[in-house]
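Quick notes on the structure that follows.
The values are calculated or read from the model by the stated rules, or taken from the named source; none is laboratory data. Since this is a predicted model, take the numbers as computed values, not measurements. Remember, those area values only see protein heavy atoms, side chains included, never the ligands or the DNA or RNA. Shrake-Rupley method; radii C 1.70, N 1.55, O 1.52, S 1.80 Å.
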Amino acid sequence: MFSSRRRSFSHLFIVVLAAFVFCSVAYAEFPEFEYHLIDKVGSRMGQTSLVDVDKDGDLDWIAGCNGGTIWWFEYKGPDSWVRHLLGQKTPTDVGGTAFDVDGDGWVDQVSGAAWYRNTAKPREQEFIKYPNAVIERSHDIVSADIDGDGKIDILAMSDRSGLFWYKIPADPTRTWIEHRIGGPVHGGSTQRAQPTSMAMVMSTWFAQISGSRISMEKGLNGQSTKTSTSASRRPGFH
């Protein structure tokens, strides 16, 4: 009987000790952050990305004003950033994303209804603007492989015109192919890791249920309705 009580006490001690160790590790691993100022510029900012704009091996910062100027900030150190003009009069709200649009190895910028091509001399030259990208006044823009063909597509959302994804042609200066997913929503957007599924992070979500002709399932407050996207070519600004 004494041996049984001793074993029970030992088991209880081990459980308590494990809980203490877990809590201690959890608190110990909680990160501490330091504040570093990049710049004081602009207003109503968005279109942000952390990417290597100048191909020097470290990450730079991109940010721009709602419908205004966009800059990239060259990283020199945590408290040392050099501001460079990327583009002007961005036709977007706060939606923007940076990646290599034209496949030349240099990071470009997509901001609403225009994309900006990196000239390979980003410290010296403003990016070249092409007004043939996604919906104007985009609230959110995400780059992802939507249709699973191994190439980057664009997911764009606006609380004015709706939710769309775009196929970028081999020549990105030509019209991007637009597919409508759903109606106007306001919030943030994301794409899951699998190329065959996609979701909006908000009370309304869309799940991809077909791979070839991109059909979507919309969920809202526990309900779901199936819809199919339609493809069209953008003649220019919406």
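Tabulated data
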{"read-out": "Portion, in percent, of the accessible area of the range 89-161 that falls on carbon or sulfur, probe 1.4 Å", "value": "45 percent"}
{"read-out": "Shape call, the range 21-139: gyration tensor on alpha carbons, a/c limit 1.5", "value": "prolate"}
{"read-out": "Rounded, prolate or oblate (a/c below 1.5 giving rounded, otherwise prolate when a/b exceeds b/c) for the range 82-126 by Cα gyration tensor", "value": "oblate"}
{"read-out": "Pairs from K55/K167; K76/K129; K89/K151; K89/K121; K40/K167; K76/K121 whose Cα-Cα separation, in the structure shown, is over 24 Å", "value": "K55/K167; K76/K129; K89/K151; K40/K167"}
{"read-out": "The range 107-158 - accessible surface per residue (Å², probe 1.4 Å)", "value": "34 Å²"}
